[in-house]
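Chemist: Once you've had a glance at the structure underneath, I'll fire off some questions.
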Amino acid sequence: MTLAPLIIMSGPSGSGKSTLIRATVAESKVPLRLAISATTRPRRPGEIDGVDYHFWSLEQFQQRLAEGAFLEHAQVHGKHYYGTPRSEVDGYRERGVGVILDIDVQGAALVRPLYPDHLSVFVALSDPATYGRRLRQRGSESEETIARRMATAGRELDRVKEYQYVILNDDLEHAVHRLLDLIEQHRNHSQGDDDAR
């Protein structure tokens, strides 16, 4: 049986990855959804539990962790936990809904071996200066936070070769079409493999 695709996506802050994913889900002709991560960080104004994140207490998160409920998890900046629940992926794929994981390079490295049929995509920009400029345009982060994110971006860009494809997100419309093409090629290839068995 061919499962719906699992698309693993990573990219530095400021690469426009979230916008690219939202546009791709909206334009896709096949059912696609973004997996919702769980976190112990407090909910920000306007965020909705079960839509933006699953907002869990530390106790809830640790209990689910002990039960093996996560594909990957991490403690970010020594404070809050984030993780991808298995329930956000497996059941949907079995029902024919493709799943996109928006995760960092460490999480992606843990998930890839679990799903040999995955499609992995790294989202980047052709001009490194654009990352910082986009982060400053948000107007929501301090220079200290931006500097930390930029340092993280450098480390992430060093691992780009771990991914099957790189999409340059300088032009959103072009990037969306490229990602949709890759997903369609991946689906056709997977179905071909299944027919050959």
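Chemist: Return the residues of region 122-166 that are surrounded by 13 or more Cβ atoms within 10 Å (Cβ to Cβ) and assigned to a loop (DSSP other than H, G, I, E, B); say none if nothing qualifies.
Modeler: Leu125, Pro128, Glu141, Arg159, Tyr163, Gln164, listed by residue number.
Chemist: Can you tell me which residue in region 10-28 is farthest from Leu119 (Cα to Cα), limited to those that are of a type in the set (D, E, K, R) and touching a residue at least 40 places away in the same chain (Cβ under 8 Å)?
Modeler: Glu27
Chemist: Here's another thing I want to ask about it. Checking the structure you have, find out if any residue of region 6-14 is over 30 Å from Gln62 (Cα atoms), in the same structural domain as Ile146 (by TED's automatic domain parsing) and within 17 Å of the chain's Cα centre (by Cα).
Modeler: yes
Chemist: Taking Glu173, is it touching a helix residue (DSSP H, G or I) at 6+ places or on another chain (Cβ under 9 Å), surrounded by fewer than 12 Cβ atoms within 10 Å (Cβ to Cβ) and not hydrophobic (A, V, I, L, M, F, W, C)?
Modeler: For Glu173, the condition - touching a helix residue (DSSP H, G or I) at 6+ places or on another chain (Cβ under 9 Å), surrounded by fewer than 12 Cβ atoms within 10 Å (Cβ to Cβ) and not hydrophobic (A, V, I, L, M, F, W, C) - is met.
Chemist: Quick one: in region 108-121, of everything that is more than 14 Å from Gly16 (Cα to Cα) and touching a residue at least 60 places away in the same chain (Cβ under 8 Å), which residue is surrounded by the fewest Cβ atoms within 10 Å (Cβ to Cβ)?
Modeler: First pass over region 108-121, keeping only residues more than 14 Å from Gly16 (Cα to Cα): 108-120.
Cutting the leftovers down to touching a residue at least 60 places away in the same chain (Cβ under 8 Å) gives us 108, 111-112, 115, 117-120.
Numbers: Ala108: 23, Val111: 18, Arg112: 16, Tyr115: 19, Asp117: 14, His118: 19, Leu119: 23, Ser120: 18.
The residue in question is Asp117.
Chemist: I would also like to ask the following. Filter region 175-197 down to the residues that are among the basic types (Lys, Arg) and assigned to a helix (DSSP H, G or I), then identify the one that is modelled with the lowest pLDDT.
Modeler: Of everything passing the filter in region 175-197, Arg187 is modelled with the lowest pLDDT.
Chemist: Oh, and also: Can you tell me how many residues within region 32-41 are among the basic types (Lys, Arg) and part of a loop (DSSP other than H, G, I, E, B)?
Modeler: So the answer is 1.
Chemist: Say we look at region 30-81 and pick out the residues that are surrounded by fewer than 18 Cβ atoms within 10 Å (Cβ to Cβ) and of a type in the set (Asp, Glu); which of these is farthest from Pro113 (Cα to Cα)?
Modeler: Glu47
Chemist: Something else: Quick check on this structure: which one of Leu172, Leu125 is assigned by TED's automatic domain parsing to the domain that holds Ser10 and at pLDDT 95 or above?
Modeler: Leu172
Chemist: Any idea which residue in region 82-103 is nearest to Ile21 (Cα to Cα), counting only those that are of a type in the set (Asp, Glu) and crowded, with 19+ Cβ neighbours inside 10 Å?
Modeler: Here the answer is Asp102.
Yes/no per residue for (1) more than 21 Å from Tyr163 (Cβ to Cβ); (2) outside any helix (DSSP H, G or I):
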| site | (1), (2) |
| --- | --- |
| Pro12 | no, yes |
| Val30 | yes, yes |
| Arg43 | yes, yes |
| Glu47 | yes, yes |
| Gln60 | yes, no |
| Gly96 | yes, yes |
| Ile100 | no, yes |
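Chemist: For residues that are crowded, with 19+ Cβ neighbours inside 10 Å, of a type in the set (S, T, N, Q) and touching a strand residue (DSSP E or B) at 6+ places or on another chain (Cβ under 8 Å), tally how many sit in region 3-29.
Modeler: Within region 3-29, residues that are crowded, with 19+ Cβ neighbours inside 10 Å, of a type in the set (S, T, N, Q) and touching a strand residue (DSSP E or B) at 6+ places or on another chain (Cβ under 8 Å) number 3.
Chemist: Would it be correct to say that Arg134 is in contact with a Leu (Cβ under 9 Å, 6 or more places away or on another chain), free of Cβ contacts under 8 Å to residues at least 24 places away in the same chain and not polar (S, T, N, Q)?
Modeler: No, not satisfied.
The values are calculated or read from the model by the stated rules, or taken from the named source; none is laboratory data. Just so you know, these numbers come straight off a predicted model, no measurement behind them. Cβ atoms come from the backbone with ideal geometry, glycine included; neighbour counts cover every protein chain shown.
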